[in-house]
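Please treat every number below as a calculation from the coordinates, not as lab data. Note that this is a predicted model, so its numbers are computed, not measured. As a convention, Cβ positions derive from the backbone with ideal geometry for all residues, glycine included, and neighbour counts pool all protein chains shown.
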Amino acid sequence: MGTAAHSEPGLAVAGLAVARGGLTILRGLDFRVGPGEALILTGPNGVGKTSLLRTLAGLQPPAAGTVSPAPDRLAYAGHADAVKATLTVAENLAFWARVHGGAGGEVGDALAALGLGDLAARPAQSLSAGQRRRLGLARLLLTGRRLWLLDEPTVSLDAASVALFAALLGRHLAGGGAAALASHIDLGLTGAARLDLSPFRALAPLPAVAGAGGFDEAFL
Amino acid sequence: MLALLSRDLRLAVRAGGGFGLSLAFFLILTVLVPFGVGPDPARLQAIAPGILWVGALLASLLSLDRMFQLDWEDGTLDALATAPVPMEGVVAMKAAAHWLTTGLPLTLAAPVLGVLLNLSGPGRGWLALSLLVGTPALSLIGAFGAGLTVGLKRGGLILSLLVLPLYVPTLIFGAEAARRGAEGLAAGPVLLLAGAITLACLAALPYAAAAAIRVNLR
């Protein structure tokens, strides 16, 4: 996977339409994220940022259009952290390292990169929300993949941790990686493109009460 | 792949993992039966294979709803779906972990509990053998049911309704093999049929369960 990553053209999306609960919610998306670039997805709550990222990650099929590369080149970090409460921090990461074909030696680096070194032997259930979030983000480093899809990566992080993560993301981009992220706060990424999803809405905005309930039901 | 198996086994034996719950349920059920049907040794001996098989079946049902639900809730299933492991392999490993923490302990405990129901010596051997052959099918069918219901709120109840009818062939042939063995009849052919069901489940259900999970992740 590491050798293929260098020739990777980055993320390319053409004519993409995204569905949620059987309804098309975004259509006509065309964008590219080249190596070293980041794309920040913005838009009001419910516009379809998470659905778009899940579609890019291959967790749901596109309603129309194409996404390249194939999902096995992308690393997705969603709202949930994929952390097992009864395993220790190090055990959680060692599991993901093995799933992604690593030997386990990179776990120490990932722990250090997110400032979790002192917590390695702690059970994950004793972590704070922000520490848990950092553990979830550390998984990205173990995937060995160059294209990151991040859904609100900075939720529950304190200012120092946001800076830590922004620096990490900056190093990832400088190393030829790429990222598409949904985020409401400014990570200070220089040269990051922004894409407002509102103009790509496929549906007229629904009445607030019925619309919100219906969408959430369909999504859950 | 083996990482998934060892992680699931580790989670099962940690606090709150539910390991031992099925076994305790099996024990209590077996102890309760003589209270319900009376202490007549001949009657107990006659119903022992059936009771122990139904007990093992219900006990293995207990931990099914956690098989994918917990991983779905904490995002692990999303991450596994994007990881370089096939979902079919994930299902097979989950079913294997379920069998190692449920079916295998039940198989080992059943001959001992057979004593409580006055099961004869050869009968206990055949019971263990029939459970060894039949319980993997219970875990695999359960994995399919759990895959279908992952993401449903309170999916455990509908899971039971889905899975229990599918357990019927395994129950018929497994219990029949144990009964024939206990009564000194030829149990081999029936046991082979139970094994055939297990192998068919092993061949088909990981694909069906993986397809169901992919749909449920959308």
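Here the residues B:PHE173, A:PHE200, B:PHE68, ranked from fewest to most Cβ neighbours within 10 Å of their Cβ, fall in the order A:PHE200, B:PHE173, B:PHE68. For the segment A:77-85, counting C-beta atoms of other chains within 10 Å of every residue's C-beta and taking the mean gives 6.
Just add up the charged neighbours of B:PRO49: K/R +1, D/E -1, any other residue whose Cβ is under 15 Å from the Cβ of B:PRO49. Cβ neighbours under 15 Å give a net charge of +2. This ranking places A:LEU164, B:LEU192, A:LEU52 by how few other beta-carbon atoms lie within 10 Å of each, fewest first, which gives B:LEU192, A:LEU164, A:LEU52. Within the shell of other residues whose beta carbon sits under 12 angstrom from the beta carbon of A:ASP158, the net charge comes to +2, with Lys and Arg scored +1 and Asp and Glu -1.
A Förster distance of 30 Å, applied to the separation of the beta-carbon atoms of A:ALA120 and B:ARG218, puts the FRET efficiency at 0.25. For peptide B:119-132, the mean count of partner chain Cβ atoms within 10 Å of a residue's Cβ comes to 0. Positive end of the dipole of the protein assembly as shown (Cβ unit charges, origin at the Cα centre): among A:ALA19, B:LEU62, A:ALA193, the Cα lying farthest that way belongs to B:LEU62. Ordered by the count of other Cβ atoms within 10 Å of each Cβ, fewest first, A:ARG27, A:ARG194, A:ARG133 give A:ARG194, A:ARG27, A:ARG133.
Projecting the Cα atoms of B:PHE173, B:ALA12, A:PHE165 onto the charge dipole of the protein assembly as shown, computed from C-beta unit charges around the Cα centre, puts B:PHE173 farthest toward the positive end. Build a GNM of chain A with springs between Cα atoms under 10 Å apart, and of A:VAL33, A:VAL99, A:VAL155 the one that fluctuates most is A:VAL99. Counting, for every residue in A:66-74, the Cβ atoms of other protein chains within 10 Å of its Cβ and taking the mean gives 1. Once the convex hull of all Cα atoms in the range B:70-192 is built, its volume per residue stands at 114 Å³. Look at the dipole of the protein assembly as shown built from charges on Cβ: of B:ALA208, B:GLY121, A:TRP96, the Cα furthest out on the positive end belongs to B:GLY121. If you wrap the Cα atoms of the protein assembly as shown in a convex hull and average its projected area over all directions, you get 23.3 nm². Taking chain B as a Gaussian network, where each spring joins two C-alpha atoms under 10 Å apart, which residue of B:GLY114, B:GLY36, B:GLY75 fluctuates the most? Evaluated over chain B, the most mobile residue of the options is B:GLY36. Note on the range A:85-156 and the range B:129-186: Cα centroid distance 37 Å, given to the nearest whole angstrom. If R0 is taken as 25 Å, the Cβ-Cβ distance between B:GLU183 and B:LEU108 corresponds to a FRET efficiency of 0.60. Looking only at the range A:49-65, which residues have a backbone nitrogen under 18 Å from a spot 7 Å from the Cα of A:THR24 in the C-beta direction? The answer is A:49, A:51-53, A:55-56, A:60-65, whose backbone nitrogens lie closer than 18 Å to the label point.
Give me the Debye-computed log₁₀ of I(q)/I(0) at q = 0.14, 0.19 Å⁻¹ for the range A:11-200, equal point scatterers on Cα only, no solvent, two decimals. For the range A:11-200 at q = 0.14, 0.19 Å⁻¹, log10 I(q)/I(0) is -0.77, -1.32. Under 22 Å between alpha carbons, and skipping anything fewer than 8 positions from B:LYS94 in its own chain: which lysines qualify? Counting by Cα, and skipping residues close in sequence, B:LYS94 has these lysines nearby: A:LYS84, B:LYS153.
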